[in-house]
Amino acid sequence: MMDYVYTKNAPDAIGPYSQAVKANGLVFTSGQIAINPATGAVEADTIEAQTEQVCNNLKNVLEAAGSSLDKAVKTVCFLADMNDFAAFNAVYGSYFTSKPARSCVAVKTLPKNVLVEVEVIAEV
């Protein structure tokens, strides 16, 4: 059985998708970008500040699903510029202290021209 996850503490989906879906004891989040859920806007302009917003959005979605960042088993990270990797990694590491498996790739463009997007698979 699948359950759809929604919280007002993370940005609303900007397309035909859910913030997250729970199935078989796992939660699969959609990719989160640095949208402030209170304003619906991207306010941060540095990789560090955008990563903070992304991680807080993911934290809130996972909590709404009955999970947490500590239960993450896999993340997929997308960077607009791999030169931002060290700065991204410093912030990311302060949130994902359980060290889940991870992929991190550079992409040509992200939605709203943000610098970073992250998705998570976690245990419920």
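The values are calculated or read from the model by the stated rules, or taken from the named source; none is laboratory data. These numbers come from a predicted model, not from an experiment. So basically every Cβ, Gly included, is an ideal-geometry build from the backbone, and we count neighbours across all protein chains shown.
Which of the residues that make up the range 60-116 are over 13 Å from the mean Cα position of the chain (by Cα) and among the charged types (D, E, K, R)?
Correct list: D70, K71, D81, D84, K99, K108, K112.
Kindly indicate the residue of the range 78-124 that is assigned to a strand (DSSP E or B) and either modelled with pLDDT under 95 or acidic (D, E) (or both) and also surrounded by the fewest Cβ atoms within 10 Å (Cβ to Cβ) among those meeting that condition.
Applying the first criterion (assigned to a strand (DSSP E or B)) to the range 78-124 yields 78-79, 101-106, 116-123.
Filter once more, keeping what is either modelled with pLDDT under 95 or acidic (D, E) (or both): 117, 119, 123.
Working: E117: 21, E119: 18, E123: 14.
Here the answer is E123.
So, of the residues in the range 65-105 that are of a type outside the set (A, V, I, L, M, F, W, C) and in contact (Cβ under 8 Å) with a residue 40 or more places away in the chain, which turns out to be farthest from A49 (Cα to Cα)? Give the steps one after another, and end with the answer.
So the first thing to find is which residues in the range 65-105 are of a type outside the set (A, V, I, L, M, F, W, C), and the list is 66-68, 70-71, 74-75, 81, 83-84, 89, 92-95, 97-100, 102-103.
Those still in the list that are in contact (Cβ under 8 Å) with a residue 40 or more places away in the chain too: 66-68, 71, 74-75, 92, 95.
Working: G66: 26, S67: 24, S68: 21, K71: 23, K74: 22, T75: 19, Y92: 11, Y95: 13 Å.
Looking at residues that are of a type outside the set (A, V, I, L, M, F, W, C) and in contact (Cβ under 8 Å) with a residue 40 or more places away in the chain, I get G66.
Determine the pairs where a residue that is within 18 Å of V91 (Cβ to Cβ), located within the range 28-47, has a partner that is surrounded by 18 or more Cβ atoms within 10 Å (Cβ to Cβ) and of a type in the set (F, W, Y) with Cβ atoms under 9 Å apart, the partner being 6 or more residues away or on another chain.
Listed by first residue and then by second, the contacts come to G31/F78; I47/F88.
Hey, among the residues in the range 1-49 that are over 15 Å from A64 (Cα atoms) and of a type in the set (V, I, T), which one's nearest to the chain's Cα centre (by Cα)?
That would be I33.
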